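Here's the structure we're looking at; comments come further down.
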Amino acid sequence: MDAAVFIVQTVSGGCMRNDIEGEMMEKQKSVYNLLQSLYPWDLLHKLGVNGKVSGSIDVAAKIENVVCFLHGPKGCAFSYRLTAHRRRPYPELYASDLEEKDVIFGSVKKLETCLRQVWQERSPGLIFLVHTPVSDILNEDVESVVRRLQREGIPVIHVKSSHFSHREQGYSTKRLKLLSQIPAGERKPLEISLKGCGMTEAMEGLVDQLMEPCEKEEKTINLEIFGLKGEKYQAVPEFLDMMERFGIQLNCILPGDSLANIRKAPAASLNVVSRLNWAEHMKKRFGTEYLHFRSSADQYLGWDGICLLYRNIFDALGMETEAYDELRRIEEAFQKEIYGEKELLQQSSGVLLCRNINSAPREIQLYAGDFRIQLKKIYLLLSEQEELEQEITDETREGAYGKVKATAELYGIPLKICKEKEEFIADPIFQNAKMLLNAGDAFLEGYGVPLIEPVSQDITISYQSYNRAVRKLVDRIREKKVKNQLWLRKIGNGELSGELYMDRDSAVSRKIWSEMWNR
């Protein structure tokens, strides 16, 4: 291999083909779940692990016969073989192997040479050219290289960079401000654009440089599945089965379909999407309407939200008259499946813990309004550090906390806002509670109240996903235990001593670990 191109492989040297990814993922499901537990998605995303490049690689890796090429140092390709979005290796990444001289004297010629070499060696269906921060800073005329190669029949698309980081600065503050303006309990859409996660930029590249104008086909949809990770993919075939029952055909899964199908994506009548930017871009280019199912305002939260989602899809396809009666019969059948479980939830009581100012209103609405659990009190636990991480500013503080208070008042439940966990642990209502809902933090064990892990993230785009979440919650309530002798908590509180703390490196590691996890 020419020294100009750097390729990184897994230690085993093996190459995982996209057409066997599904089979491999099923076989290694337990490993995937372990990784998900050790490295929670929300934490990784909040910390921006691997940033925007991770999302672009994730898009490329989902499409058969695509090579991902990073324009940057070889260390980038080595680092990005594991990404926060995928959680499993992407064993082949090409890179232009930029060095100091390339940064000083220019890298365009080297880039073109590398891309030609990849084409000669692999002849892929498509080459994804993705920027790294190094090439972002250089800001060279990369598009001219791409156009020249395209004219020669070499299939290259250029994933443009819109931001250096994993999301645009000020997004959370803007979102929080708009979210707090929606009255408690109302299901209004909040279509706020999110840029910088890499996936949106990659999708816009597909829209501009791969998709072709097509005549629209009635009752057809494209489904974009970025928001469905891990076992939540289970809801995808369930959703598609529901569409098929009403004569709605799937045109394309985005981005995990064949290149041929992605080219014909504009033939669909409707895009059902979790990311807004690329869908708006596709509407401008091809006139494809979209429905944003992961609305920031939680428009499609819980059972009523899923019902609303399907009705809005039928409305967008002009099918409301012919579909509504049959949909109601289907919904009644699904409700009967969990009638007993819902009754048990309504007879249960406990207290609710919220740790995020954005998700607190939806969690209150789900547990109090949807599950109808008898909540004795709601605790909103946010330290000053967590306020900074969630980008709560002086401008948004009053509105954000006000929205949480208004939602609690809507259901007549007292709310206590705490800076430290000791504030609610000392509360007599907590001490007498039968369980602490929406809590999976091991350091809250040992206070005499069983913890019930959250289920809100398991509810997606199918009625079956809601029923599974209800059953899971009921199982956790039935199996609840008080754990008063947890060793992990003793370690966190410094009650154990020994070799672990004897050297400086261990002490520093423990400090970092504690600050990240022991809140």
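If you go through region 284-334 one residue at a time, how many are in a helix (DSSP H, G or I), in contact with an Asp or Glu (Cβ under 9 Å, 6 or more places away or on another chain) and hydroxyl-bearing (Ser, Thr, Tyr)?
Total meeting the criteria: 1.
Which condition number in (1) more than 30 Å from ARG147 (Cα to Cα); (2) in contact (Cβ under 8 Å) with a residue 12 or more places away in the chain is the one that GLU280 fails?
So GLU280 meets the others, but not (1).
Quickly run through region 155-168 and pick out the residues that are modelled with pLDDT of 90 or more and open to solvent by 10 Å² or more (accessible area, probe 1.4 Å).
Selection gives PRO155, HIS158.
Can you tell me how many residues within region 470-479 are part of a helix (DSSP H, G or I) and either modelled with pLDDT under 95 or open to solvent by 50 Å² or more (accessible area, probe 1.4 Å) (or both)?
So in region 470-479, the residues part of a helix (DSSP H, G or I) come out as 470-478.
Within this subset, residues satisfying the condition of being either modelled with pLDDT under 95 or open to solvent by 50 Å² or more (accessible area, probe 1.4 Å) (or both) are 471-472, 475-476, 478.
Looking only at that region, the number is 5.
For the subset of region 427-456 comprising residues that are within 27 Å of TYR300 (Cβ to Cβ) and free of Cβ contacts under 8 Å to residues at least 60 places away in the same chain, which member is surrounded by the most Cβ atoms within 10 Å (Cβ to Cβ)?
Within region 427-456, the match that is surrounded by the most Cβ atoms within 10 Å (Cβ to Cβ) is VAL455.
Looking at (1) in a loop (DSSP other than H, G, I, E, B); (2) in contact with a helix residue (DSSP H, G or I) (Cβ under 6 Å, 6 or more places away or on another chain), which one does GLY256 not meet, given that it meets all the others?
Against the list (1) in a loop (DSSP other than H, G, I, E, B); (2) in contact with a helix residue (DSSP H, G or I) (Cβ under 6 Å, 6 or more places away or on another chain), GLY256 comes up short only on (2).
Which members of region 240-268 meet the condition of being touching a Cys at 6+ places or on another chain (Cβ under 8 Å) and open to solvent by 40 Å² or more (accessible area, probe 1.4 Å)?
Of the residues in region 240-268, the ones touching a Cys at 6+ places or on another chain (Cβ under 8 Å) are 261-262, 264-268.
Correct list: ASN261, LYS264.
Return the only residue of ALA406, ALA368 being under 26 Å from THR460 (Cβ atoms), in a helix (DSSP H, G or I) and at pLDDT 95 or above. Can you show your working first?
Working: ALA406 fails: under 26 Å from THR460 (Cβ atoms).
It is ALA368.
Looking at region 350-365, which of the residues that are open to solvent by 30 Å² or more (accessible area, probe 1.4 Å) and part of a loop (DSSP other than H, G, I, E, B) is farthest from LYS188 (Cα to Cα)?
ARG355
Within region 110-142, take every residue that is closer than 12 Å to ASP97 by Cα and among the β-branched types (Val, Ile, Thr) and give me the one that is most open to solvent (accessible area, probe 1.4 Å).
THR113
Restricting attention to region 388-403, and to residues there that are of a type outside the set (Ser, Thr, Tyr), on the phi < 0 side of the Ramachandran plot and touching a residue at least 12 places away in the same chain (Cβ under 8 Å), which single residue is surrounded by the most Cβ atoms within 10 Å (Cβ to Cβ)?
Just the residues of region 388-403 that are of a type outside the set (Ser, Thr, Tyr), to begin with: 388-392, 394-395, 397-400, 402-403.
Among the residues that remain, those that are also on the phi < 0 side of the Ramachandran plot are: 388-390, 392, 394-395, 397-400, 402-403.
Still in the list and also touching a residue at least 12 places away in the same chain (Cβ under 8 Å): 389-390, 392, 395, 399-400, 402-403.
Details: GLU389: 14, GLN390: 19, ILE392: 21, GLU395: 11, GLY399: 15, ALA400: 25, GLY402: 13, LYS403: 21.
My answer is ALA400.
Just to be sure I understand, how many residues within region 459-469 are part of a helix (DSSP H, G or I), open to solvent by less than 10 Å² (accessible area, probe 1.4 Å) and more than 14 Å from LYS342 (Cβ to Cβ)? Show your work before the answer.
We begin by selecting, within region 459-469, every residue part of a helix (DSSP H, G or I); these are 463-469.
The next check asks that each one be open to solvent by less than 10 Å² (accessible area, probe 1.4 Å); those that pass are 463, 465-467, 469.
Now drop any that are not more than 14 Å from LYS342 (Cβ to Cβ), which leaves 465.
Final tally of qualifying residues: 1.
Say whether the condition of being modelled with pLDDT of 95 or more, out of contact with any helix residue (DSSP H, G or I) (no Cβ under 6 Å at 6 or more places or on another chain) and buried (at least 16 other Cβ atoms within 10 Å of the Cβ) is met by at least one residue in region 293-302. Before the answer, list the steps.
Step one: of region 293-302, the residues modelled with pLDDT of 95 or more are none.
Looking for residues that are modelled with pLDDT of 95 or more, out of contact with any helix residue (DSSP H, G or I) (no Cβ under 6 Å at 6 or more places or on another chain) and buried (at least 16 other Cβ atoms within 10 Å of the Cβ), one finds none in region 293-302, hence no.
Which pairs do you get when a residue that is closer than 12 Å to PHE69 by Cβ, found in region 102-120, comes within reach of a residue that is assigned to a helix (DSSP H, G or I) and open to solvent by 70 Å² or more (accessible area, probe 1.4 Å), reach meaning Cβ atoms under 8 angstrom, with the pair 6+ apart or on two chains?
That search, which allows pairs on different chains as well, returns GLU112/ARG148.
The values are calculated or read from the model by the stated rules, or taken from the named source; none is laboratory data. Keep in mind that this is a model prediction, so the values were computed, not measured. Cβ: placed from backbone, ideal geometry, glycine included. Neighbour counts: every protein chain shown. All accessible areas refer to the heavy atoms of the entire protein, side chains included, with ligands and DNA or RNA removed. Shrake-Rupley method; radii C 1.70, N 1.55, O 1.52, S 1.80 Å.
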